[in-house]
Amino acid sequence: MPRVSRLSQEQRRQAALSRSRARYERKASQIRTRNSQHIANVCDNNPNFREESRAQGSTARAQRRKSERVWNLERIRDAQAHSTRRENSEERRREQLRNTAEHSIRKTVPELRIAERIRDMGSHAIRREDPEERRREQLRNTAEHSTRRTVPELRIPERIRDMDAHAIRREDPEERRQEQLRNTAEQSTRRTIPEIRIPERIRDMDAHAIRREDPEERRREQLRNTAEHSTRRTIPEFRIPERIRDMDAHAIRREDPEERRREQLRNTAEHSTQRTIPEFRIPERIRDMDAHAIRREDPEERRREQVRNTAEHASRRTNPEFRISERIRDAAARAAHREDLEERAREQERNTEDHRQRRRDSEDRQRERERDANNRRATRRNPIARTQEQRINTSQRRETRQQRRIREEQIRQMAEDRLINFRMDPQNRLDASQRQSQRNMDARAQLSEDELDQEREQQRNRIRATARDLYHRNIKEGPTEICICCGGTWFRSQSLNRVNHSPEHRHRLMLQFLYLRHQNPFR
């Protein structure tokens, strides 16, 4: 029995086509190899044919390279061949030597050199857009420059060239000003390094000592220093460091007990004389206040001052006369402060914040609770105070309940208003009805057959109950409404809508009510 293939006809056709192409490629490759070998043998034996073959190959290659597809294929093949050749270190070295020689020859041609520089500048600018590449380039340049500067033949011409370029740049006032700013900033940065600052100070001191040996130079320096010092003392940024420096020098001198005693005697005599003059006393107070404010800007100095003041105040408060007068003065000052609403609000905020900070400490919070409990217990021992407290608590609870009821009523009213507003829209009512109908249908679909029978029985009971209620409310009383147009009697439910009905329709309604009356078991 013949074998049945699992492949379809199209798959077999594709497989046969693939095998045919593979055989064609193998034969074509063999033919090209034989032709290449034959041409190579002929070229080796016949130089004329070799030159002619080269010319024909160049022409054919140039013709083929006009096609973009052929050119791309050729470039890919050449790149692969070049990568394969460069894997040989000797071949790569020979290639580098050839490239270097060719590049040296091309750089002697101005047209090629200018174009090459422009191309190199463009590629260099593109590479420097990468921060990492720019950093590596800077490191390479720094290393190469450091290596070149060790060669005197290169360093001396470089200095001369830099000096000429610097002199040309400094002819521009704006460039010279910017250079001075840069130098000042660099000098400030370098002076923070002790290894640079100490030799600089020694060098400056030696040069200054040599200049001051000339009396005329020393006199001019003194005049300059006096003028500069007078100008600088008008600037707070210079005056404050100068005062600090003078204070440090003064503190060093006062470490000598004898020097400190002589200074105290001089200061006491001078101060006693000066304080008798009002023009001196008022500026002195202002000056002392400024100095005190400046000292208090230092947190450590302010803390020491607070410690001293606390100790002095504690010592003075041991005197009953001082303590009583202090309390009276503080109470009057506090009452005057609290008359200002803003000051009272700020005081309350400070007290609240202080109280909040203290309550973060569990021990302090526990002591506060115990203190409050004891005070409240002592207060509640008084019947009058306890009665007042109960009355206040009752009033507050009543007001709280009333506020809660009002809030609940407001919420309920808002919910009803939202529901009414929602139902006033016919589209909303229609959507709600459709959703309810869909829910009813889904609920009925989930019911079993017994549950459906039970639901139908409940529906019949509801219909009977509705008919019974209608009978008791309307039909049992009979037609009590008299028509003003025909004189006939009507049921009350008919009288409300009979204006909109035709006589035939009213007659059908009458028959329907009579039927319901006949069917009602409670007639």
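The values are calculated or read from the model by the stated rules, or taken from the named source; none is laboratory data. All values derive from a computational prediction rather than experimental measurement. For neighbour counting, all protein chains shown are included, and Cβ atoms are generated from backbone atoms with ideal geometry for every residue, glycine included. Remember, those area values only see protein heavy atoms, side chains included, never the ligands or the DNA or RNA. Shrake-Rupley method; radii C 1.70, N 1.55, O 1.52, S 1.80 Å.
Some notes on this structure:
- Tally, over the range 89-126, of residues that are polar (S, T, N, Q), under 55 Å from the mean Cα position of the chain (by Cα) and open to solvent by 80 Å² or more (accessible area, probe 1.4 Å): 2
- Answer residue from the range 36-72, given it is loosely packed, with under 10 Cβ neighbours inside 10 Å and among the basic types (Lys, Arg) and is modelled with the lowest pLDDT among those: Lys66
- Residue within the range 225-239 that is on the phi < 0 side of the Ramachandran plot, more than 55 Å from the chain's Cα centre (by Cα), open to solvent by 70 Å² or more (accessible area, probe 1.4 Å) and among the hydroxyl-bearing types (Ser, Thr, Tyr) present: no
- Top-ranked residue of the range 250-309 - restricted to ones that are of a type in the set (Val, Ile, Thr) and outside any helix (DSSP H, G or I), ranked as least open to solvent (accessible area, probe 1.4 Å): Ile277
- Check on Leu154, of a type outside the set (Phe, Trp, Tyr) and either on the phi > 0 side of the Ramachandran plot or modelled with pLDDT under 85 (or both): yes
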